[in-house]
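Take a look at the structure set out below.
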Amino acid sequence: MMSKLLLKRGNVLHPEDGNFQSACDVLIEGKHIAQVGPNLQPPADTEILDVEGMTVMPGLIDCHVHVVASTADIGANAHQHASLAIIKSLPIMKAMLARGFTTVRDAGGADWGLAQAVERELVPGPRIFCSGKALSQTGGHGDNRKRSDVLEPCACSLRAGALARIVDGVDNVRLAVREEIQKGAMQIKIMASGGVASPVDPIANTQYSEEEIKAIVHEAHAANTYVMAHAYTARAIARSVRCGVRTIEHGNLVDKETAVLMAKERAFAVPTLVTYDALAEHGARYGLPAESIPKIETVQVAGRRSLEIYAEAGVVMAYGSDLLGEMHEYQSQEFVIRAQVLGNLEAIRSATIHAAEVLDRVGVLGTIRPGALADIIVCDGDPLASIDVLAGQGERITHIIQGGFVRKRPAAHQP
């Protein structure tokens, strides 16, 4: 029998226009929202949750996470025993859901099996759009081998804790895309520039030839999906976008000309500013390799300015956090950073309607309207007035509903 649930007399926040529907009911039938409006008359067997005076809004979406990254040293993370790497991801996922994130896009590491474990309700966590292993060239951001006079083969493709695999050459990257999609990847992640957490690649470096990137994009398009690219500099971003990449991850060192190109090509940006604040303060203590520490300042300061550049050019920005290890707890602090630059509503849009655009789930996720999946959070407070309502560990989120199932409710109302 289809379950029915009524959220009664809440203040429904619609991120599309930033307006509230006051004293509004939301009727959920099965996994989907059936009706939204005042004074709804539910069927007799409907469970009623009185949320009068509370903010009712879409479940949150984080478009850049690594749920299997249980340590800041991603090289060491890759060398964990496979079963240990997965087991250590479970509390990370559970905590993400508790913060109100009902959906995430994993940017490297999580696979189809982990996504299915959530879908089948074997473990609590956000719905996962998995990328499988990210693709990296030799010496690229996914290559965590130390400098040596002998370059040992990388077994990263086989390790559950690895976020990426190393693959070079046009034919080989084509095969790698096909393999990741065959294994269940829902989109393809590539490393298109140097990065912070990897030991031997300066941030300013571009990675993969344009021929390789175009081949990756072609194979993704053939499978009716897209490519997301780790890229920091304007040069790396522009060449990725010209090659057909759909989303740019991080993008801290963008310039105005490149942002205009992104807007023209309808490419998305997924900034991840909170990770640099967390790495600057806690990275060394939590295992970030010494070679990575000097890189942080290069991108940390520029990141906030990048939000203004993207906004001025009309680039759509989705929410991302990109945290590692113990620093996952700062996931919701990204709201505070974005709100300071872009305002509260735009910060909320980044984790709802804009994130749904990135996932190609407009009208299904990130919204409260009939036909959408019933991913809903209820907040004690107005996040448009104070973004802190969404910060922390979900302390001010009283109810979490994911696909029509109540995942959190006030303790006094637990069944």
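Only the coordinates and a few stated rules stand behind these numbers; no lab work does. Keep in mind that what you see is a predicted model, and the values were worked out from it rather than measured. Note that each Cβ is placed from the backbone with ideal geometry, even for glycine, and that neighbours are counted across all protein chains shown.
Before moving on, here are some points about what is shown:
- Against the empirical curve 2.2 N^0.38 Å, the C-alpha radius of gyration of the stretch 222-279 lands at a ratio of 1.13.
- Residues with amide H under 5 Å from that of HIS32, placed H, sequence gap 5 or more: ALA374
- Centre separation in Å (Cα based) which lies between the stretch 268-331 and the stretch 199-250: 19 Å
- Theoretical FRET efficiency, 1/(1+(r/R0)^6), r = Cβ-Cβ of ARG178 and GLN41, R0 60 Å, to 0.05: 0.70
- Qualifying trypsin sites (Lys or Arg not before Pro) in the stretch 147-184, DSSP loop, other Cβ atoms within 10 Å at most 11: ARG147
- Put simply, the chain fits an ellipsoid with semi-axes of 36, 22, 20 Å; these come from the alpha carbon gyration tensor as the roots of five times its eigenvalues, largest first.
- Residues whose amide H falls under 5 Å from that of ALA164, counting only those 5 or more places apart or on a different chain, are ALA134, with hydrogens built in the peptide plane.
- Helix axis angle, 333-342 relative to the chain longest principal axis, alpha carbon, degrees: 90 degrees
- Segment ASP255-LYS94, length gained on full extension (0.36 nm per residue, minus Cα span): 54.2 nm
- In terms of Cα atoms, the Rg and Dmax of the stretch 329-415 work out to 13.5, 42 Å.
- Taking the chain as the region of interest, the number of lysine pairs whose Cα atoms are within less than 21 Å, with members eight or more places apart or on different chains, is 16.
- 19 Å cut-off, amide nitrogen to a point 7 angstrom out along MET2 Cα→Cβ, residues in the stretch 386-411: 402-406
- Between GLU16 and ARG305, the contour length at 0.36 nm per residue exceeds the alpha carbon distance by 101.6 nm.
- Computed [θ] at 222 nm, deg cm²/dmol, the chain (DSSP H ≥ 4; -39,500 (n - 2.57); rounded to nearest 500): -9000 deg cm²/dmol
- Between 0 and 90 degrees, the angle of helix 256-265 with respect to the longest Cα principal axis of the chain falls at about 70 degrees.
- Largest first and in whole Å, the equivalent-ellipsoid semi-axes of the stretch 198-350 read 25, 20, 14, each the square root of five times a Cα gyration tensor eigenvalue.
- Crossing angle, helix 210-222 versus the chain [Cα axis fit, 0-90 degrees, rounded to tens]: 40 degrees
- C-alpha center-to-center spacing [the stretch 356-377, the stretch 5-79] in angstrom: 9 Å
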